[in-house]
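K.L.:
Mind looking over this structure? Questions follow.
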Amino acid sequence: MKKTIIHVGLAKTGTTSFQRHVLKTICKEKKINHYNESKELQNFLSEHKTRLRFDKEIEKSPNLVNFFISMESLSNPRNPFFWKKCADKNYEAFGKDNHILIVLRNPKEYLKSIYLEVCIHEGYYKKINEFFLKKNDYNQNNSLYKFSIEDFDYKKLISYYTNNFKKVTYVKFEKFENFDFLNDMFKDISQVDKNNYKKLFNSYKTNISYNNFNVKLTIIIYYISKFIFIIFNNFLFRNILNYIAKIYINKLNKSDTIKIQAIEKINNDNINFEQIFHHLLRIIRWDKIINFLMKYTPKKKYELIIKDEEIKKIIDKFNLEYEKLEDYKTFIKD
């Protein structure tokens, strides 16, 4: 029986480009089922993702034979605090016999991309030192939008999956486009195949990173919006915001569980300004505005500047460890 390949992330490692432009071709040529071809599997994955997010009881997956699944949210890729829990729950859902694929990225670049994704692109704005937190600060901070820097360890992440699954492959994002890791997944992969996949992978730029100017512009918009919110934060204003937020949430392409949770927060008056700002950016299509501005604004790249010396040492340590990792490696357990 042909086992299923489960690509669990991480985020900001070319997943969108891979899914949109390469995966269907691989599935067609190598006679493996694309995960979107099964409605039953699609429904299960959507529900499983929700169960992971809200820490609900895990259900067993439908019978998986010869599928290629790609869903970065399976690993909770944006906060390493949950990496082990997600690995254990994926084992519970999928069983040990399937082949896990993990894509890693240079730690410094990964952390910058995660910060930009959560705090800038999505509008859950926090200063860098408020987002990347050491254990004690992390445990005392009640925000949903934070990153446990001391849990950020690729070796541990790999071990969480090798401890549970019979076959695990990791590949560095910087070498992902070569598709050499597919040698450990398919017997009939040729260099011609891999060159074709590389061409497809690089044909489109799916996600564009904000430059330094546009990061600063987004932060300015955040503070202006917050100032307006504080001035007009009265009963009528909040009810208007809540009404708009509910309309927006109901139109989202999300599971009913996620929608219900979001609306409950609003009804219980638990919505805070960072969530309001997130919805505001979506409503005004800020990403489209930024994409337009990118053509006319200074091209200087945004750099993540960490001031906490202990956190800098942690990142430097993981950068050195990352350099020692092979470009890709497959672990097989008897």
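K.L.:
Against the definition (crowded, with 20+ Cβ neighbours inside 10 Å and touching a strand residue (DSSP E or B) at 6+ places or on another chain (Cβ under 8 Å)), how does K175 come out, yes or no?
P.N.:
For K175, the condition - crowded, with 20+ Cβ neighbours inside 10 Å and touching a strand residue (DSSP E or B) at 6+ places or on another chain (Cβ under 8 Å) - is not met.
K.L.:
Suppose the filter is surrounded by fewer than 18 Cβ atoms within 10 Å (Cβ to Cβ) and in a helix (DSSP H, G or I); does N195 pass it?
P.N.:
The answer is yes for N195.
K.L.:
What pairs come up if the first residue lies in the stretch 150-168 and is assigned by TED's automatic domain parsing to the domain that holds F318 and within 15 Å of D184 (Cβ to Cβ), the second is of a type in the set (A, V, I, L, M) and in a helix (DSSP H, G or I), and their beta carbons are under 8 Å apart, counting only those six or more places apart or on different chains?
P.N.:
Here the result reads Y161/A87; V168/I158, each pair linking the stretch 150-168 to a residue that is of a type in the set (A, V, I, L, M) and in a helix (DSSP H, G or I).
K.L.:
Further question on the same structure: Which number in (1) within 30 Å of N195 (Cβ to Cβ); (2) surrounded by 20 or more Cβ atoms within 10 Å (Cβ to Cβ) marks the one condition that D180 misses?
P.N.:
(2)
K.L.:
Here's a follow-up. Of all residues in the stretch 126-142 being in contact with a Lys or Arg (Cβ under 9 Å, 6 or more places away or on another chain), of a type outside the set (A, V, I, L, M) and under 29 Å from I208 (Cα atoms), which is surrounded by the fewest Cβ atoms within 10 Å (Cβ to Cβ)?
P.N.:
Looking at the filtered set, the residue picked out is N129.
K.L.:
So, one more: Identify the residue in the stretch 147-166 that is surrounded by fewer than 21 Cβ atoms within 10 Å (Cβ to Cβ) and assigned to a loop (DSSP other than H, G, I, E, B) and, among all such residues, is nearest to the chain's Cα centre (by Cα).
P.N.:
D153
K.L.:
Does the stretch 93-101 include one or more residues that are without any contact (Cβ under 8 Å) to a residue 60 or more places away in the chain and outside any strand (DSSP E or B)?
P.N.:
yes
K.L.:
Criterion first (modelled with pLDDT under 95, surrounded by fewer than 19 Cβ atoms within 10 Å (Cβ to Cβ) and more than 26 Å from K194 (Cα to Cα)) does T16 satisfy it?
P.N.:
It is false that T16 is modelled with pLDDT under 95, surrounded by fewer than 19 Cβ atoms within 10 Å (Cβ to Cβ) and more than 26 Å from K194 (Cα to Cα).
K.L.:
May I pose another question? Might you let me know whether the stretch 145-162 holds any residue that is polar (S, T, N, Q) and over 18 Å from S75 (Cβ atoms)?
P.N.:
Among the residues of the stretch 145-162, not one is polar (S, T, N, Q) and over 18 Å from S75 (Cβ atoms), which makes the answer no.
K.L.:
Of all helices (runs of 4 or more DSSP H) completely enclosed by the stretch 252-334, which ones contain at least 1 residues that are within 21 Å of the chain's Cα centre (by Cα) and either under 21 Å from N212 (Cα atoms) or at pLDDT below 80 (or both)?
P.N.:
Hits in the stretch 252-334: 256-267, 273-283, 286-293.
K.L.:
Only one of (1) within 30 Å of K301 (Cα to Cα); (2) touching a Leu at 6+ places or on another chain (Cβ under 6 Å); (3) outside any loop (DSSP other than H, G, I, E, B) fails for T169. Which number is that?
P.N.:
So T169 meets the others, but not (1).
K.L.:
Also, I was wondering about something else. Give the residue that is surrounded by the most Cβ atoms within 10 Å (Cβ to Cβ), with candidates limited to residues of the stretch 27-68 that are polar (S, T, N, Q) and assigned to a loop (DSSP other than H, G, I, E, B).
P.N.:
Looking at the filtered set, the residue picked out is S61.
K.L.:
Among the candidates Y138, Y125, Y110, single out the residue that is over 30 Å from D334 (Cα atoms), of a type outside the set (S, T, N, Q) and in contact with an Asp or Glu (Cβ under 7 Å, 6 or more places away or on another chain).
P.N.:
Within the list Y138, Y125, Y110, the selection yields Y125.
K.L.:
In addition: Any chance you could count how many residues in the stretch 116-146 are part of a helix (DSSP H, G or I) and of a type in the set (A, V, I, L, M)?
P.N.:
Count: 4.
K.L.:
If you don't mind, there's one more thing I want to ask. Here are some residues: K24, K3. Which one is of a type in the set (D, E, K, R) and outside any helix (DSSP H, G or I)?
P.N.:
None of the others qualify; the one that does is K3.
One line per residue, one yes/no per condition, for (1) farther than 28 Å from T297 by Cα; (2) modelled with pLDDT under 95:
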residue	(1), (2)
E122	no, yes
N136	yes, yes
N141	yes, yes
I149	yes, no
K156	yes, no
T162	yes, no
Q191	yes, no
I220	no, no
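The values are calculated or read from the model by the stated rules, or taken from the named source; none is laboratory data. Since the model is a prediction, treat every value here as computed from it, not as a measurement. With ideal geometry, Cβ positions are generated from the backbone for all residues, glycine too; neighbour counts draw on all protein chains shown.
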